[in-house]
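**Q** Quick one: structure below, then a few questions.
The values are calculated or read from the model by the stated rules, or taken from the named source; none is laboratory data. Note that the structure is a prediction, hence the values are computed from the model and not measured. Cβ coordinates were reconstructed from backbone atoms using ideal geometry, including for glycine residues, and neighbour counts include every protein chain displayed. Just the protein is used for accessible areas: all its heavy atoms, side chains included, with ligands, DNA and RNA removed. Shrake-Rupley method; radii C 1.70, N 1.55, O 1.52, S 1.80 Å.
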Amino acid sequence: MNDLIEQYRVQQPPYYRHVADEVEIFESAYRVRMPMMLKGPTGCGKTRFVEYMAWKLGKPLITVACNEDMTASDLVGRYLLDAQGTRWQDGPLAIAARLGAICYLDEVVEARQDTTVVIHPLTDSRRMLPLEKKGEIIHAHPDFHLVISYNPGYQNLMKDLKQSTKQRFGALDFNYPDAAIESEIIATESGVAPEAAAKLVSIAERARNLKGHGLDEGISTRMLVHAGSMIAEGVDPVKACRVALVRPITDDPDMRDALDAAVTTFF
Ligand SMILES: Nc1ncnc2c1ncn2[C@@H]1O[C@H](COP(=O)(O)OP(=O)(O)O)[C@@H](O)[C@H]1O
Ligand SMILES: [Mg+2]
């Protein structure tokens, strides 16, 4: 059991730049064991934040990337057949509940609604997880905490969270940080010079204004870190921006040209 905990421990302190009071809020939510929902666009720092909080709170972290093929058994556990016969294997949610880990269900709307309901008994005062096939009920370890992330931009009627699921969580809004903070993050993460980091953020601001006007999603902090890393590694900034910022987010030639023009304005 101790080996298992060590396996999920966040070893190094993750670099996380506080943006507002999210760290204090999360600590309070953890103290009262209020399940938390992190809302915001892809690549804006949600996963990094959870890693940082797990490290700060000294708790193991078990992350599950949710997808539409995921079943309740993938979360809870299943019987496996091996040479000795059948053997029960706990899923990540069961492991987290037993160990007292923070369980992070990333992009939870991707999972089907019948899968999401398995978290219900864990997220109210019962704090338990029935393993129906095994005939066991796990009473969650006092340290267990559930965190989910969710990108409201992708939400459609078929793929929204049920109200009965949403209302079990407190929610924190995440977004791309203010320009000065985002530049600092990019310079720290990628090693690019602060002036270049600031230019990258200016390019991203242009692209973010085009969201809903031909772009589904703006350029994320993650993409800026990629571009910064290439520049720091010696790649020509214009080329780095094309590869890391422009080409990934659009297939439309006019949009591509408009964004390429924004790149050459700054570099
Ligand atoms: N506040 C922050 N502090 C440090 N790094 C950040 C921050 N926000 C974003 N990043 C950087 O952006 C990258 C993407 O963030 P991530 O947490 O993976 O996004 P999300 O989970 O929201 O999709 C991280 O790997 C990190 O380099
Ligand atoms: Mg993430």
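**Q** Is it fair to say residue 257 is outside any helix (DSSP H, G or I) and open to solvent by 70 Å² or more (accessible area, probe 1.4 Å)? Write out each step before concluding.
**A** Values: outside any helix (DSSP H, G or I): no; open to solvent by 70 Å² or more (accessible area, probe 1.4 Å): yes.
Spelling it out, it is not the case that residue 257 is outside any helix (DSSP H, G or I) and open to solvent by 70 Å² or more (accessible area, probe 1.4 Å).
**Q** Please give the number of the condition residue 222 fails out of (1) modelled with pLDDT of 95 or more; (2) surrounded by fewer than 14 Cβ atoms within 10 Å (Cβ to Cβ).
**A** Failed condition: (2).
**Q** Considering only residues that are open to solvent by 60 Å² or more (accessible area, probe 1.4 Å) and of a type in the set (D, E, K, R), look in the range 1-36 and name the one that is farthest from ligand 2 (Cβ to nearest atom).
**A** Residue satisfying both the conditions and the ranking: 3.
**Q** Taking the options 209, 175, name whichever one is under 30 Å from residue 32 (Cα atoms) and of a type in the set (S, T, N, Q). Let's see the steps before the verdict.
**A** Details: 209 fails: under 30 Å from residue 32 (Cα atoms).
Of the residues listed, the single one that is under 30 Å from residue 32 (Cα atoms) and of a type in the set (S, T, N, Q) is 175.
**Q** Please verify whether the range 67-90 includes one or more residues that are within 27 Å of residue 117 (Cα to Cα), within 15 Å of ligand 1 (Cβ to nearest atom), open to solvent by less than 40 Å² (accessible area, probe 1.4 Å) and not hydroxyl-bearing (Ser, Thr, Tyr).
**A** no
**Q** Taking the range 174-223 only, how many residues are away from ligand 2 (no atom under 16 Å from the Cβ) and part of a helix (DSSP H, G or I)?
**A** Looking only at that region, the number is 26.
**Q** I've got another one for you. Residue 244 - would you say it is without any contact (Cβ under 8 Å) to a residue 24 or more places away in the chain and either in a helix (DSSP H, G or I) or not acidic (Asp, Glu) (or both)? Steps first, answer last, please.
**A** Numbers: without any contact (Cβ under 8 Å) to a residue 24 or more places away in the chain: yes; either in a helix (DSSP H, G or I) or not acidic (Asp, Glu) (or both): yes.
The answer is yes for residue 244.
**Q** To continue, here is another question. With respect to residue 171, determine if the residue is aliphatic (A, V, I, L, M) and under 25 Å from residue 112 (Cα atoms).
**A** Values: aliphatic (A, V, I, L, M): yes; under 25 Å from residue 112 (Cα atoms): yes.
Criteria met by residue 171.
**Q** So is residue 195 open to solvent by 20 Å² or more (accessible area, probe 1.4 Å), touching a residue at least 60 places away in the same chain (Cβ under 8 Å) and either outside the structural domain of residue 68 (by TED's automatic domain parsing) or of a type in the set (A, V, I, L, M, F, W, C) (or both) or not? Write out each step before concluding.
**A** Working: open to solvent by 20 Å² or more (accessible area, probe 1.4 Å): yes; touching a residue at least 60 places away in the same chain (Cβ under 8 Å): no; either outside the structural domain of residue 68 (by TED's automatic domain parsing) or of a type in the set (A, V, I, L, M, F, W, C) (or both): yes.
Here the answer is no, as residue 195 does not meet what is asked.
Here is a yes/no grid of residues against (1) within 16 Å of ligand 1 (Cβ to nearest atom); (2) among the basic types (Lys, Arg):
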{"site": "134", "(1), (2)": "no, yes"}
{"site": "147", "(1), (2)": "yes, no"}
{"site": "153", "(1), (2)": "yes, no"}
{"site": "164", "(1), (2)": "no, no"}
{"site": "182", "(1), (2)": "yes, no"}
{"site": "186", "(1), (2)": "yes, no"}
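**Q** Another one. I'd like to know if the range 40-58 contains one or more residues that are open to solvent by 40 Å² or more (accessible area, probe 1.4 Å), over 19 Å from the mean Cα position of the chain (by Cα) and basic (Lys, Arg).
**A** Within the range 40-58, not a single residue is open to solvent by 40 Å² or more (accessible area, probe 1.4 Å), over 19 Å from the mean Cα position of the chain (by Cα) and basic (Lys, Arg).
**Q** Picking from 161, 146, which residue would you name as being open to solvent by less than 20 Å² (accessible area, probe 1.4 Å), part of a loop (DSSP other than H, G, I, E, B) and touching a residue at least 40 places away in the same chain (Cβ under 8 Å)? Even if it seems obvious, please write down each step before you answer.
**A** Details: 146 fails: part of a loop (DSSP other than H, G, I, E, B).
From the options 161, 146, the qualifying one is 161.
**Q** Hand me the list of strands (runs of 3 or more DSSP E) wholly inside the range 1-119 holding 2 or more residues that are aliphatic (A, V, I, L, M). Steps first, please.
**A** Details: elements: 36-39, 61-65, 77-82, 85-90, 102-106.
Counting at least 2 such residues, we get 36-39, 61-65, 77-82, 102-106.
So that you can scan it fast, the table gives a plain yes or no per residue for (1) closer than 30 Å to residue 113 by Cβ; (2) of a type in the set (A, V, I, L, M):
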{"position": "189", "(1), (2)": "no, no"}
{"position": "217", "(1), (2)": "yes, no"}
{"position": "224", "(1), (2)": "no, yes"}
{"position": "235", "(1), (2)": "no, yes"}
{"position": "264", "(1), (2)": "no, no"}
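**Q** Going through the range 2-51 one residue at a time, which ones are of a type in the set (Phe, Trp, Tyr), within 14 Å of ligand 1 (Cβ to nearest atom) and touching a residue at least 40 places away in the same chain (Cβ under 8 Å)? Before the answer, list the steps.
**A** Of all residues in the range 2-51, those of a type in the set (Phe, Trp, Tyr) come to 8, 15-16, 26, 30, 49.
Filter once more, so that each one left must be within 14 Å of ligand 1 (Cβ to nearest atom): 15-16, 26, 49.
Matches in the range 2-51: 15, 26, 49.
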